[in-house]
Each structure stands twice: as structure tokens, then as C-alpha cells.
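The next block holds one structure in the form of C-alpha cells; read it before the comments.
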Amino acid sequence: MSDAVFPRYRGSMEYVCLGCGARFPGDTLLYTCPACGDVFMLEDRDFDQLKSTDGPGWRSRFEARAAGRVPALAGVFRYYELIAPILEEEDIVYLGEGITPIVEASPRLRDMVGVPFAYKNDGQNPSASFKDRGMACAFSFLKWLCRCKGWDEILTVCASTGDTSAAAALYAAYVGPPLKSVVLLPQGKVTPQQLSQPLGSGATVIEMPGVFDDCMKVVEHLAEHYRVALLNSKNSWRILGQESYAYEIAQWHGWDMSDLCLFVPVGNAGNITAVMNGLLKMRRLGIIGRLPRVFGVQSEHADPVYRYYAAPKDRRSWSPVTVRPSVAQAAMIGNPVSFPRVRSLAERMQEEGGEKAFQIIQVTEQMIMDCMILANRHGHIACTQGGESLAGLCRAKELGLIGGNERAVLDDTAHSLKFAGFQEHYFANDFPEAYEIVPDPALANRPRLLAPETARGGMDAKAWTEHAAGLMAKLLDLKAVPQR
Ligand SMILES: *Cc1c(COP(=O)(O)O)cnc(C)c1O
Ligand SMILES: [Zn+2]
């Protein structure tokens, strides 16, 4: 069957509670289990029907879609059957998300790090972070739901460290009525660029004192007591869209992930959940053989998942942490909502791929910042969380956890421009003390003024140009070419 057309398969999606195993139909808005309060994963009850196509069959189907011309299948829904196979073509919102480039590390940077690696630039999504993958799915689902139920108004809400709100506001603005967007932000804890995004998209933007975890509690309360659609990663539809990240890496590597190590920064832990769920689904269908290894990375200033896994197996216990200021601000979360999902999927990853198939690495703020600056000085566009991924790779190398024929793919979760302020602190050496970062002065880069405004005096345009060029030649120590 060729897929020059929209796929015909329709599954039957259900929310499955990770606490008590209760199942609920997918055609509702549900975030936590009414019976036990735990989080959900969405499952296609008919998933095993997909096995009637073999692994190579799926691969060629996805390859054909890559060459196709169906807008609804141009982004994350290239992998429709693995994501949300209840949606119709008319429901799917496509704003150019997904299919982001995988860029090899510059050879000089690779030699410094000592492991071959590439960055997957998820900052090249429409709102400049990976959150668009999840929002594309969540909004397509909401459109489907409004159509099926005949709802004429629905308010979407989210708490955000910056990028969730940027993505939610963008998709809501595009879809328009019946959807409207409200975002709740921790005051002063998102970057100016991130704040400008939901404002520019016309969302209602509300700030409150505290950190992300405080905002999250408020929107959770709202979602439990009022008719609103929650767009945080508690919303399992977002997880499905974000699984596309794993599918794309598999496709790029010719569906052979056996020597790959994926490094993913962990905040609320939705992203690493999606990556692992995506990998396990592909394996179930024989689309990939061996699983790659997954490394979650956390800063010492926000490391509850690291702490959990650092304890010996029989003495692990979950406790949230109080975060300290982190340059990986989008991952500065002390009580990740998706921790139960990570625990359950990590176990399956290790069952199917061995103990080393899942690990969490802890890095310092200093390493995160140094790695971001280093990456970008070698032609990459890493945000601070992308710096965190590279710091995780360097640390894994140092600990002897990676080597041989292995190659790493680092998640650069957002565009560097969103986090320009941290670069500025680094160059100006004025980080507030709490970050514990001492910049390397050799890396500081500042603009240099050629001449003050007053230097022009009475010069005409031609004289001024020649004068300025002369100053520049002197500044750069340029050699003149003989004039004829
Ligand atoms: C949201 C976000 C993260 C953290 O992802 P989780 O799914 O919350 O673990 C990391 N980096 C960026 C840029 C983000 O926007
Ligand atoms: Zn339950």
C-alpha cells in the first residue's frame, strides 16, 4: 500500500493509569487517574494489529511519506500510526514542526570531546523548541475532540518554564476559536525572549511569584475543578507527539540504532518519557532491532531523577528536591510530573536493552555553561539545555560509560537565541553567585567600538568611510595589497 494519501488505519486510544492500571477511553480530557491520582500513558488498544505489517514494511512506508506531499504527514504525523491514529486529516495542525536537522559535531569539537556525536537541533522548530512536537499532537487532538463533541469554546492552560507557553500560545493562535490560550509563568524565571513569544501570539499571560513547581500546582488545581484543557506534559497527547523525536533519529540512521547513545536533558521528564516510549514502540513492531542507550542529564541544581537512580536498586526512594537557580532554566524542576512514567519505561528499557540502556548523568552548572559556549564557538546553535546534553556526554566519557564504536546524538532542545542572556552573563562575568559559574575569560566576546560618534567631526561620507576602513585595518592588523 502506498501512502500518497492519508493512512487508513484507525486505532483505539485509551488512557492507562501507571498507578492502578485503570483504563479510560481516549475521547475525553483526563490528566490524572480519578481512582488513584497517578499519571497516564496513552495506548492504542489495537497496537498489535500493526504487526500485520513487518518492520521493513513500516520503514518503507515512513520513507515514502518523507517523499510525499501530504501536509498533514509532513511533520510529526509522518509516523501517524505510532502517534495518534484516531485523528482525521482535517484535524491535524502542521506548523512546520519536526523533521529537525541532525548536524554532525564540527570535527574539531568532536576531537576535543573524544566521542563522535551530532546535535539534533530541536530549536529549529517553529517556536524554537521541541515543545512544538507535543503541541502539534495536543492541538490536533483538541480540534478532533471539539469537532466530535461539538464544543464551541475551550480554554487551554499551562504552567511553563518558558517554552511550553511559547508553543501552546503559537498553536492556539493558529487554530483560533474554539480554542483560547492562557499561560502561567514564574515571574522573572523565563527569559525575555520566551516571555515575548506568548505575548506576541496574543495569549493571556499571567505571572506569579515562585518557581515552575508552584505554577504547576495552580494549573493542576484549575484542571481538576474547572472546564479547561491542561497543556503541560501531564497531558499524555503531548508525549505522543514528542515520540517523533526518536522516530526521526531512527530514520536518519537507516533504522539501525545499535551503537547510538541519546542524551536528553531532564526537567519535567516528559521528553525523556517520549523518547523511551517511542523507542520501545519501534522495537515492538520490528522497525528497529537493538535499542540505543538513553542518558538523561540533570544539573546538580535540579536533580531529583539523578538522585533517585544514584541510590542502590533496593534502596531507591522518590523525593522531590528544592531547586536552586540553573542556567538550564527550562529544566529547573524539582518535582517532575512524569517521574512515574520514567520509572516504568526505564525498567522496560533495561529489561529489553540491558542495565546500561538507561542512565542518568549529573552535571555542574559550570559544565553546562562551558559546553554551551564551546559548542556554539564550533558552529552549533545550542541553548543552555543543549549545553547540558554535551556536558552529559563529556561526563559519561569521563566516567567511562561510553566508548568503543558508540556515537552520541545530543538533544539541543531549544534555540540558543532564547537563552542569550546566559551567554551575556558569561561574557560579562556577572553571573549571580547562586549559579556558581566562573566564566573562562579567554572565551569572553564583546563588541568593539571602532570610533566614537564624535570622531567623525566634519568629515564627508567618503572621507569618513576611508577613515573608518583605516581604523579597522589597524585594529585587525591587515596587510595592504599593492595599489596599481
Ligand atoms: C521543556 C524543556 C526541557 C525539559 O523537558 P522535560 O520534558 O520537561 O523534561 C528542556 N529543554 C528545553 C529547552 C525545554 O523547553
Ligand atoms: Zn489509577
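Scanning for something charged (D, E, K, R), surrounded by fewer than 20 Cβ atoms within 10 Å (Cβ to Cβ), in contact with a strand residue (DSSP E or B) (Cβ under 9 Å, 6 or more places away or on another chain) and assigned to a loop (DSSP other than H, G, I, E, B), does region 298-305 turn up at least one residue?
Our first condition is that a residue be charged (D, E, K, R); within region 298-305, this holds for 300, 303.
Going one step further and asking which of them are surrounded by fewer than 20 Cβ atoms within 10 Å (Cβ to Cβ), we end up with 300.
Right, trim to in contact with a strand residue (DSSP E or B) (Cβ under 9 Å, 6 or more places away or on another chain) and you get 300.
Now drop any that are not assigned to a loop (DSSP other than H, G, I, E, B), which leaves 300.
For region 298-305, residues charged (D, E, K, R), surrounded by fewer than 20 Cβ atoms within 10 Å (Cβ to Cβ), in contact with a strand residue (DSSP E or B) (Cβ under 9 Å, 6 or more places away or on another chain) and assigned to a loop (DSSP other than H, G, I, E, B): present.
Can you tell which of Val337, Val342 is in the same structural domain as Arg108 (by TED's automatic domain parsing) and within 16 Å of ligand 2 (Cβ to nearest atom)?
Exactly one of Val337, Val342 is in the same structural domain as Arg108 (by TED's automatic domain parsing) and within 16 Å of ligand 2 (Cβ to nearest atom), namely Val337.
Which one of these is modelled with pLDDT under 95, away from ligand 1 (no atom under 16 Å from the Cβ) and out of contact with any helix residue (DSSP H, G or I) (no Cβ under 9 Å at 6 or more places or on another chain): Arg10, Arg69, Arg23?
On the way: Arg10 fails: modelled with pLDDT under 95; Arg23 fails: modelled with pLDDT under 95.
Among Arg10, Arg69, Arg23, only Arg69 is modelled with pLDDT under 95, away from ligand 1 (no atom under 16 Å from the Cβ) and out of contact with any helix residue (DSSP H, G or I) (no Cβ under 9 Å at 6 or more places or on another chain).
Could you go through region 257-266 and let me know if any residue there is in contact with a His (Cβ under 7 Å, 6 or more places away or on another chain) and either closer than 21 Å to Cys383 by Cα or surrounded by fewer than 24 Cβ atoms within 10 Å (Cβ to Cβ) (or both).
Applying the first criterion (in contact with a His (Cβ under 7 Å, 6 or more places away or on another chain)) to region 257-266 yields 260.
Of the ones still in play, those that are also either closer than 21 Å to Cys383 by Cα or surrounded by fewer than 24 Cβ atoms within 10 Å (Cβ to Cβ) (or both) are 260.
For region 257-266, residues in contact with a His (Cβ under 7 Å, 6 or more places away or on another chain) and either closer than 21 Å to Cys383 by Cα or surrounded by fewer than 24 Cβ atoms within 10 Å (Cβ to Cβ) (or both): present.
For region 35-49, which positions are in a strand (DSSP E or B) and either in contact with a Leu (Cβ under 6 Å, 6 or more places away or on another chain) or within 16 Å of ligand 2 (Cβ to nearest atom) (or both)?
Val39, Phe40, Met41, Leu42, Glu43
I want to confirm something. Restricting to region 23-59 and keeping residues that are out of contact with any Pro (no Cβ under 7 Å at 6 or more places or on another chain) and among the β-branched types (Val, Ile, Thr), which single residue is nearest to Ala274 (Cα to Cα)? Step through it out loud before you land on a result.
Just the residues of region 23-59 that are out of contact with any Pro (no Cβ under 7 Å at 6 or more places or on another chain), to begin with: 23-37, 40-43, 45-59.
Subsequent filtering for residues that are among the β-branched types (Val, Ile, Thr) retains 28, 32, 53.
Numbers: Thr28: 21, Thr32: 17, Thr53: 23 Å.
Checking each candidate, the answer is Thr32.
How many residues, within region 17-34, are loosely packed, with under 13 Cβ neighbours inside 10 Å and either more than 16 Å from ligand 2 (Cβ to nearest atom) or closer than 18 Å to Ala229 by Cβ (or both)?
Summing the residues that are loosely packed, with under 13 Cβ neighbours inside 10 Å and either more than 16 Å from ligand 2 (Cβ to nearest atom) or closer than 18 Å to Ala229 by Cβ (or both) in region 17-34 gives 3.
For region 391-418, how many residues are within 17 Å of the chain's Cα centre (by Cα) and within 13 Å of Ser299 (Cβ to Cβ)?
Qualifying residue count for the region: 2.
Is there any pair with a first residue in region 217-238 that is surrounded by 18 or more Cβ atoms within 10 Å (Cβ to Cβ) and a second that is among the aromatic types (Phe, Trp, Tyr) and part of a loop (DSSP other than H, G, I, E, B) whose Cβ atoms are under 9 Å apart and which are 6 or more apart or on different chains, and what are they?
Note: pairs meeting the criteria are Glu220/Tyr31; Ala223/Tyr31; Leu230/Tyr31; Asn232/Tyr31; Lys234/Tyr31; Asn235/Tyr31; Ser236/Tyr31.
So that you can scan it fast, the table gives a plain yes or no per residue for (1) assigned to a helix (DSSP H, G or I); (2) crowded, with 18+ Cβ neighbours inside 10 Å; (3) within 16 Å of ligand 2 (Cβ to nearest atom); (4) free of Cβ contacts under 8 Å to residues at least 24 places away in the same chain:
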residue: Gly278; (1), (2), (3), (4): yes, yes, no, no
residue: Lys281; (1), (2), (3), (4): yes, yes, no, no
residue: Gly286; (1), (2), (3), (4): no, no, no, no
residue: Arg290; (1), (2), (3), (4): no, no, no, no
residue: Phe295; (1), (2), (3), (4): no, yes, no, no
residue: Val323; (1), (2), (3), (4): no, yes, no, no
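Suppose we filter Ser2, Ser52 for residues that are farther than 20 Å from Leu240 by Cβ, at pLDDT 95 or above and away from ligand 2 (no atom under 16 Å from the Cβ); which single one remains?
On the way: Ser2 fails: at pLDDT 95 or above.
The conditions single out Ser52.
Out of region 266-276, which residues are part of a helix (DSSP H, G or I) and either touching a Phe, Trp or Tyr at 6+ places or on another chain (Cβ under 7 Å) or under 17 Å from Val409 (Cβ atoms) (or both)? Lay out the reasoning, then the answer.
Pass one, region 266-276, residues part of a helix (DSSP H, G or I): 270-276.
If the condition is that a residue be part of a helix (DSSP H, G or I) and either touching a Phe, Trp or Tyr at 6+ places or on another chain (Cβ under 7 Å) or under 17 Å from Val409 (Cβ atoms) (or both), then Asn271, Ile272, Ala274, Val275, Met276 are the ones that fit.
Taking the criterion of being at pLDDT 95 or above, of a type in the set (Ser, Thr, Tyr), surrounded by fewer than 24 Cβ atoms within 10 Å (Cβ to Cβ) and touching a Gly at 6+ places or on another chain (Cβ under 7 Å), would at least one residue in region 128-136 satisfy it? Don't jump to the end; show me each part of the working.
Step one: list which residues in region 128-136 are at pLDDT 95 or above, which gives 128-136.
Retained after the next criterion (residues that are of a type in the set (Ser, Thr, Tyr)): 129.
With the extra rule that they be surrounded by fewer than 24 Cβ atoms within 10 Å (Cβ to Cβ), the set shrinks to none.
The answer is no; no qualifying residue exists.
Report every pair of residues separated by at least 6 positions or lying on different chains whose Cβ atoms are under 8 Å apart, first residue within region 387-408 and assigned by TED's automatic domain parsing to the domain that holds Arg293, second assigned to a loop (DSSP other than H, G, I, E, B) and acidic (Asp, Glu).
Sorted first by the residue in region 387-408, then by its partner, the pairs are Gly404/Asp259; Asn405/Asp259; Glu406/Asp259; Arg407/Asp259.
How many residues are closer than 14 Å to Tyr308 by Cα and charged (D, E, K, R) when one looks only at region 342-364? Give the derivation first.
Step one: list which residues in region 342-364 are closer than 14 Å to Tyr308 by Cα, which gives 342-344, 346-347, 358-362.
Those still in the list that are charged (D, E, K, R) too: 343, 347.
Selection size over region 342-364: 2.
The values are calculated or read from the model by the stated rules, or taken from the named source; none is laboratory data. This one's a predicted model, so the numbers in the text were calculated from it and none came from an experiment. Reconstructed Cβ throughout: ideal geometry from the backbone, glycine too, with neighbour counts over all protein chains shown.
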